[in-house]
Amino acid sequence: MNTPPPKRRTVLVIEDETDIVEVLKYNLNKNGFDTLSADSGEKGLEVAAARLPDLILLDLMLPRMDGLEVCRRLRGSERTRQIPIVMLTAKGTEADIVLGLTLGADDYVPKPFSPVELLARMKAVLRRNDPARKDESHSDILKLGPITLDAARHEVSVEGEQVQLTLSEFKLLRHLMLRRGRVFTRDQLLNAVVGPDVFVTERNIDVHVGALRRKLGEAGKLILTVRGVGYRMEEA
Ligand code: CA
């Protein structure tokens, strides 16, 4: 019996610059993706709702309706809410990136992008949205490199050595490990660890990340600072 070939996934590119669209289509097709494109936010919303692509590459710089508004509407609609979004951004637009992530975009790639990096980011986003991977959030034990986190026992160890974390640090680590590779804004991380804790009043996520990194030792380097945006946990 022959196993069927893996289903080709469809990527919708929302971008008004035709040469960039061509480069993206060429690279995506070459790497086994089918592509759709739209040269405005309005059209992008229509195509997304009609065709339900597996992923959307969304340029933030679009005529009339900008990418942030497109992102807001994609996330606001029941039909398109679940489609992963990777934003294409320009240099020096950290505030827009933070807003886009807050609106629910999954990741971003700054222009000019290398096709290799873009594909790596897209594949990571698709992996994270894989239903099998999502099941991980129900399991008690999470592993990443030398770090093991046991949610049921509320224990963290690095290379078998137990590490004492505060409740906030523990929640922060679990959040980052569950969604490794994804960049979070400081506000998103703050919301993730909100609890009956001093954390909320302190409003300083950087202090908690700093403490967490120190306690993890070498493994603390897996928590990356994304300048002007927030934090990301390395995938391996
Ligand atoms: Ca554009």
Verdict on Pro110 being within 16 Å of the ligand (Cβ to nearest atom) and not assigned by TED's automatic domain parsing to the domain that holds Val229: yes
Taking the condition farther than 23 Å from Pro115 by Cβ, crowded, with 17+ Cβ neighbours inside 10 Å and not charged (D, E, K, R), does Leu68 pass? yes
Inside the range 224-233, can you point out the residues that are under 14 Å from the mean Cα position of the chain (by Cα) and touching a residue at least 24 places away in the same chain (Cβ under 8 Å)? Val226, Val229, Gly230, Tyr231, Arg232, Met233
May I ask you to list the residues in the range 139-149 that are in a strand (DSSP E or B) and modelled with pLDDT under 95? Ile141, Leu142, Lys143, Leu144
Give Arg127, Arg133 a once-over and let me know the one that is open to solvent by less than 60 Å² (accessible area, probe 1.4 Å), part of a helix (DSSP H, G or I) and either basic (Lys, Arg) or not assigned by TED's automatic domain parsing to the domain that holds Asp59 (or both). Arg133
Checking Lys7 against (1) farther than 19 Å from Pro110 by Cα; (2) open to solvent by 50 Å² or more (accessible area, probe 1.4 Å); (3) in a helix (DSSP H, G or I), which test does it fail? (3)
When the range 12-62 is examined, which residues are found to be within 11 Å of the ligand (Cβ to nearest atom), in contact (Cβ under 8 Å) with a residue 24 or more places away in the chain and open to solvent by 70 Å² or more (accessible area, probe 1.4 Å)? Glu17, Asp39, Met61
How many residues are farther than 13 Å from Leu68 by Cβ and without any contact (Cβ under 8 Å) to a residue 40 or more places away in the chain if we restrict to the range 93-110? 2
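The values are calculated or read from the model by the stated rules, or taken from the named source; none is laboratory data. Just so we're clear, the structure is a prediction, and the values are computed from it rather than from any experiment. Because the Cβ atoms are built from the backbone with ideal geometry, glycine has one as well, and the counts that use them run over all protein chains shown. Keep in mind that these areas ignore ligands, DNA and RNA; they rest on the heavy atoms of the full protein, side chains included. Shrake-Rupley method; radii C 1.70, N 1.55, O 1.52, S 1.80 Å.
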